[in-house]
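Only one structure is covered here, and it is reproduced in the block below.
What follows is calculated from the coordinates using simple rules that are stated; it is not laboratory data. Not measured: the values here are computed from a predicted model. Reconstructed Cβ throughout: ideal geometry from the backbone, glycine too, with neighbour counts over all protein chains shown.
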Amino acid sequence: MKIKPVKTAIVGCGVISDAYLHTMINKFKILEVAGCCDRDQQKAQKMAQKYGLKVLSIEEILADTSIEIVVNLTTPGVHYAVSKQLLEAGKNVYTEKVLAVELAHAAELVQLADQKKLYLGAAPDTFLGSAAQTARYVVESGMLGEITSCYCAFTRDGDVLNRAYPFTAKPGGGIGFDVGIYSITALLSILGPVKEVSGVVRTRKPERPEYGLEHFGESFQVECENLMAGLLQFECGTVGNILFDSNSVFLLPEKPSLVLFGTLGILSMADPNNFGGEVRVILKGNSEPFVMQQSHAYTDECRGLGVAEMAWSMRLGRKNRANKEMAYHALELLHGLVSSGQTKANVVLKSSFEKTAPIPRGYAGQGAFEFIEEMELAG
Ligand SMILES: NC(=O)c1ccc[n+]([C@@H]2O[C@H](COP(=O)([O-])OP(=O)(O)OC[C@H]3O[C@@H](n4cnc5c(N)ncnc54)[C@H](O)[C@@H]3O)[C@@H](O)[C@H]2O)c1
């Protein structure tokens, strides 16, 4: 069977587009990148020049029936409008997180994709990388027994972040929605859906001083959460604790905690914002961890892996792994934490999703065998 590459375009040529284009163009044969678009022509031209692409207007993308996937790399506040326009025009869409800022908008996108029988995928796709897949492999091997509890903590320094990336001070860009979602997605991919949550969510010191020559002495408002704590009850019985705080400090490289506790052992995952990293395991009867060998491929920065996996899924007619149902569930969970923080009552989640199969095991970082890595995505 001959597989035709999937013609793809990106909308949004900001900071993260560089990582996406690098991966999508150099790593995956299933993707053929047709062009890039940004409402800021200079940004579009810069990326087009760097990667030898055509600058396309949104109208050109919508009109070009040969473009099958459009990757939405705009800021969270415009994800809904851009994805909706693309889906309405019959495009399969892969969007950076979050699916939409408002849950009702995300529900509308999911429904629209279903109605039109289109694929809608969403980041984060780091859970498809070697570290999270290796962790899942360990859990599913039974080595750790039953996973009874888990916790994750992720801290950053909002004072740095909000100024470098203004969208992180806006709704949908706060520490939970922007960063916590990596830990949550990793946990969902291993443990499955969550049925109930309770949370405490704060915006500490919403007025912050501006720095820089242009706005020195002025202030700006943090319009989203910068502290989120919560309790998750997974359908499988695991109880989880989360803590996301951007009033603290950056540790570079970052060192978030993500730990699964089982009846027969404890597993510490790598940074869920990365594709690779060490997975450490302590088995019952021991007190020091061993580093589990990587069982899966994609150890390095690979943003766009979810797009390639979606392209393979389209060609093979199966459900994509970084799919809309899981992304919607993660978003409902985050909104559940916010509303629980307001009402001081537990929130029962309405959505669920089916865990997709793990990625078949690959030859991570084995030079000459790397061509086979992409074929794993067909599995
Ligand atoms: N910056 C990071 O390190 C990082 C990492 C992972 C994920 N992300 C995610 O990627 C997305 C983009 O982040 P970023 O840092 O690249 O932001 P950015 O602000 O650098 O880039 C966003 C781009 O989208 C363009 N844009 C906005 N609205 C548009 C529209 N309607 N039509 C066309 N173009 C439009 C802007 O002009 C801008 O160039 C966000 O969802 C973010 O959460 C960012």
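Tell me, 263, 238, 134, 75 in order of fewest to most beta-carbon neighbours within 10 Å?
263, 75, 238, 134
On the first, second and third principal axes, largest extent first, how far apart are the outermost C-alpha atoms of segment 200-312 in Å?
57, 35, 30
Below 8 Å, C-alpha to C-alpha, sequence gap of six or more: please give me the relative contact order for the chain in percent.
Relative contact order comes out at 19 percent.
Which pairs in the list 91/324; 91/195; 84/170; 91/350 are over 23 Å apart, alpha-carbon to alpha-carbon?
91/195; 91/350
To make sure I understand the rule: partners must be aspartates and glutamates, Cα under 16 Å from the Cα of residue 355, and not fewer than 8 residues away in the same chain. Which ones qualify?
Correct list for residue 355: 125, 140, 235, 309, 325.
Would you work out if segment 127-292 is rounded, prolate or oblate? Take a ≥ b ≥ c from the square roots of the eigenvalues of the alpha-carbon gyration tensor; rounded if a/c is under 1.5, else prolate when a/b is larger than b/c, oblate otherwise.
prolate
Shape call for segment 122-206 from the C-alpha gyration tensor, a ≥ b ≥ c root eigenvalues: rounded (a/c under 1.5), prolate (a/b greater than b/c) or oblate?
Since a/c reaches 1.5 and a/b is larger than b/c, the shape of segment 122-206 is classed as prolate.
Using the Cα centre of the chain as origin and beta-carbon charges of +1 (Lys, Arg) and -1 (Asp, Glu), tell me which of 273, 247, 92 is placed farthest towards the positive end of the dipole.
Positive-most Cα among the choices belongs to 92.
Express the relative contact order of segment 127-292 as a whole percentage, based on alpha carbon pairs under 8 Å and six or more residues apart in sequence.
33 percent
Let me know the charge dipole size of the chain about its Cα centre in debye, to the nearest 20, where only the beta-carbon of Lys, Arg (+1) and Asp, Glu (-1) is charged.
Roughly 620 debye for the chain.
Among rounded, prolate and oblate, which fits segment 36-78 when a ≥ b ≥ c are the square roots of the eigenvalues of its C-alpha gyration tensor, a/c under 1.5 means rounded, and a/b larger than b/c means prolate?
Judged from the Cα gyration tensor, segment 36-78 comes out oblate (a/c at least 1.5, b/c at or above a/b).
Antiparallel DSSP bridges in the chain: what percent, to the nearest 5?
Among the beta bridges of the chain, antiparallel pairing accounts for roughly 60 percent.
Considering only 322, 107, 186, give the residue with the highest GNM mean-square fluctuation for the chain, with springs between Cα atoms whenever their separation is below 10 Å.
107
Nearest 5 percent is fine: what portion of the DSSP beta bridges confined to segment 127-292 is antiparallel?
85 percent
Can you grab the distance from the C-alpha centre of segment 99-167 to the C-alpha centre of segment 268-333, Å, no decimals?
10 Å
Treat the chain as a sphere of radius equal to its Kirkwood radius over Cα pairs and apply Stokes-Einstein at 37 °C in a medium of 0.692 mPa s; give the translational diffusion coefficient in µm²/s, rounded to a whole number.
Stokes-Einstein gives a translational diffusion coefficient of 155 µm²/s.
Holding the Cα-Cα limit at 31 Å, pick out from 29/116; 50/116; 97/255 the pairs that are longer than that.
In this structure, 50/116 exceed 31 Å between Cα atoms.
Which order, highest average first, do 84-91, 344-351 follow once you tally other Cβ atoms within 10 Å for each residue and take the mean per peptide?
Averaged packing, sorted descending, gives the order 84-91, 344-351.
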